[in-house]
Amino acid sequence: MKLTIAVIAVIAVLALRHPAGRLSAARGGTLGCYGLERLWEQAGGPASSARTAAAVAMAESAGRQYATMRNTDGSTDRGYFQINSVHGALSTYDPAGNARAAVTISRHGRDWSPWVTWNTGAWQGKC
């Protein structure tokens, strides 16, 4: 029994190190904090702000790829990072595109003020 558990643990570690395992966040679906952190980094975001980015995304979309918020001004927020339609083509449900938009809009994690959840503090403790 112990040997079986050890073998499963080794396989799991190897799977995470395999390139396909590292790219799984880009495939989409519902992601947790770890998946959102990886997605942020894959999109070119710095590792130093990955936890904050994931927390903002969790507060914005609960980690849901197809999260949608229709705003009172007629604009629409889309995806993990709830990118507003005022940003044109950057507002997408595509995981990689949505994360790249967040990297760009946040100035590589240096300015989260465009996100309401940052301004209200709702992102804190999400990851």
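The numbers here are math on the coordinates, done by the rules we state, and not lab data. Since this is a predicted model, take the numbers as computed values, not measurements. A quick note on method: Cβ atoms are made from the backbone with ideal geometry, for glycine too, and the neighbour counts reach across all protein chains shown.
In this structure, the amide hydrogen of Asn84, modeled 1.01 Å from its nitrogen in the peptide plane, lies closer than 5 angstrom to those of Arg78, counting only residues at least 5 positions away or on a different chain.
With K and R counted +1 and D and E -1, the other residues having a Cβ less than 12 Å from that of Gly109 yield a net charge of 0.
If you build the convex hull over the alpha carbons only and average its shadow over all orientations, what do you get for the stretch 25-120? Give it in nm² to one decimal.
5.2
Rounded to the nearest Hz, the phi-derived 3J(HN,Hα) couplings of the stretch 29-46 under the Karplus curve 6.51 cos²θ - 1.76 cosθ + 1.60 (θ = phi - 60°) are x, 8, 10, x, 4, 4, x, 5, 4, 4, 4, 4, 5, 4, 7, x, x, x, where x marks glycine and proline. For the stretch 76-120, the average shadow cast by the Cα convex hull is 2.8 nm², which is a quarter of the hull's surface.
Using the Cβ atoms and a cut-off under 14 Å, what net charge is assigned to the surroundings of Met69, where Lys and Arg are +1 and Asp and Glu are -1? Could the numbers behind the result be given before it?
On the way: positive: Arg64, Arg70, Arg78; negative: Glu60, Asp73, Asp77.
Computed value for this residue: 0.
Taking label positions 7 Å along the Cα-Cβ direction at both Thr120 and Arg70, the computed distance is 2.0 nm, reported to one decimal.
Seen from Gly125, the other residues with C-beta closer than 15 Å to its C-beta sum to a net charge of +1, counting Lys and Arg as +1 and Asp and Glu as -1.
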